[in-house]
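Peer 1: Before we start, here is the structure in question, set down as structure tokens.
Every number in this text was worked out from the coordinates using simple rules, so none of it is lab data. Being a predicted model, the structure only gives us computed values, none of them experimental. Cβ coordinates were reconstructed from backbone atoms using ideal geometry, including for glycine residues, and neighbour counts include every protein chain displayed.
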Amino acid sequence: MQEIDSMDKLARLYMQEVVTRHGIPILIICDRDAPFEALYGRKCRSPVCWAEVRDAQLIGPKLIHETTIKIVQIKQRIQAAHDRQKSYAIRRKPLEFQIGDQVMLKVSPWKGVIYFGKRKKLNPRYIGMFKVLAKMRIVAYRIEIPQQLSRVHSTLSNLKKCLSDEPLAIPLDEIHIDDKLHFVEEPVEIMDREVKRLKQSRIPIIKVR
């Protein structure tokens, strides 16, 4: 028997060699399935859906409750991972003060203020000294507010520990602080004038105090 033999020749050989010796077969198995199904006896799962085929079920309160619990657990684990990674980058510990400590209060310049001269870097960032009266929260403290800052809330968090002596503290009479801890810088007098010459322009410079 060769691969190029016709179907008639193969049929005659089948009748002569198989049927005459063993008789007509009762069951003929024809394997035309996929190789996976032929090997394992079941169909391969589709890469699109891995769910088992079963009867459809309506969404009930139990499934909603289980889904809500899983969502909460996922959020907690994401937040824990975020806090852990944040702790690696930020190694500073939150400042803690004791009752009676001397602290300084952070202030910022008023938005849109015009700076005169080169005093911008030398503007005060903290004022004080103030005494800590009570601890309200983890980073919030109640301090002793003087009369000049009566419009400022006494419970604050933008504090810094004061390590200098009391005579070296910045007095509040020199700057004006509003209720939002902003100060405005205003010129007092003109001290010197100068004209800076460029190639095609002249820039007047005024030094004020």
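Peer 1: Could you work out the local net charge near ILE69, counting Lys and Arg as +1, Asp and Glu as -1, over the other residues with Cβ closer than 15 Å to its Cβ? Spell out each step's value before the answer.
Peer 2: Values: positive: LYS62, LYS70, LYS75, ARG77; negative: GLU66.
Around ILE69, the charge tally is +3.
Peer 1: Once fully extended, how much extra length lies between ILE4 and ASP192, figured as 0.36 nm per residue of separation less the alpha-carbon to alpha-carbon distance?
Peer 2: Numbers: separation 188, 0.36 × 188 = 67.68 nm, distance 11.29 nm.
Stretched fully, the ILE4-ASP192 segment lengthens by 56.4 nm.
Peer 1: For ARG137 and GLU96 in one chain, what is 0.36 nm times their gap in residues minus the Cα-Cα distance, to one decimal in nm?
Peer 2: Values: separation 41, 0.36 × 41 = 14.76 nm, distance 1.04 nm.
Roughly 13.7 nm would be gained on extension.
Peer 1: Determine the sum of side-chain charges near LYS135: Lys and Arg each +1, Asp and Glu each -1, restricted to other residues whose C-beta is under 10 angstrom from that of LYS135.
Peer 2: +1
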